[in-house]
1. Of all the residues that make up region 1-24, how many are part of a helix (DSSP H, G or I), open to solvent by less than 80 Å² (accessible area, probe 1.4 Å) and not hydroxyl-bearing (Ser, Thr, Tyr)?
2. Where residues in region 39-60 are among the polar types (S, T, N, Q) and without any contact (Cβ under 8 Å) to a residue 12 or more places away in the chain, which of them is least open to solvent (accessible area, probe 1.4 Å)?
3. Given the structure, is residue 63 open to solvent by less than 60 Å² (accessible area, probe 1.4 Å) and assigned to a helix (DSSP H, G or I)?
4. I want to confirm something. Restricting to region 25-38 and keeping residues that are without any contact (Cβ under 8 Å) to a residue 12 or more places away in the chain and closer than 17 Å to residue 80 by Cβ, which single residue is most open to solvent (accessible area, probe 1.4 Å)?
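The values are calculated or read from the model by the stated rules, or taken from the named source; none is laboratory data. Note that the structure is a prediction, hence the values are computed from the model and not measured. Cβ placement follows ideal geometry from the backbone for every residue including glycine, while neighbour counts extend to all protein chains displayed. Just the protein is used for accessible areas: all its heavy atoms, side chains included, with ligands, DNA and RNA removed. Shrake-Rupley method; radii C 1.70, N 1.55, O 1.52, S 1.80 Å.
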Amino acid sequence: MSKQVFRSGTSIGANIMESRNAQSPADFVHKLSIALKEADETTFWIKKLYKGGYLNENEFNSIYKDADELVKLLTTSVKTLKNKQTP
């Protein structure tokens with residue numbers, strides 16, 4: 001599970017960085033959407049690690065809070081950008 005958290009967690013930043021060089025506004029939204037999916041997946045794995053006893057409550061609360069905040073920020077960004085693209 002830790003490998004999954006590492007994979008999805010690092011993919012968030014990689015896709016955000018990649019979005020900086022997007023070829024179009026649609027490509028930019030696409031890259032941020034992938035980052036959002038990865039952030040959401042990361043929250044899933046964090047929950048599994050906690051329920052499996054690999055994280056204590058304090059560790060879970062801290063890590064989950066950060067991951068959930070990323071999900072919220074990316075959700076808002078993607079929605080705003082999609083609304084700007086809609087005529």
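1. The total comes to 8.
2. Keep residues of region 39-60 that are among the polar types (S, T, N, Q), which gives 42-43, 56, 58.
After this cut, where a residue has to be without any contact (Cβ under 8 Å) to a residue 12 or more places away in the chain as well, the list is 56, 58.
Numbers: 56: 78, 58: 124 Å².
It comes out as 56.
3. Values: open to solvent by less than 60 Å² (accessible area, probe 1.4 Å): no; assigned to a helix (DSSP H, G or I): yes.
The answer is no for residue 63.
4. 30
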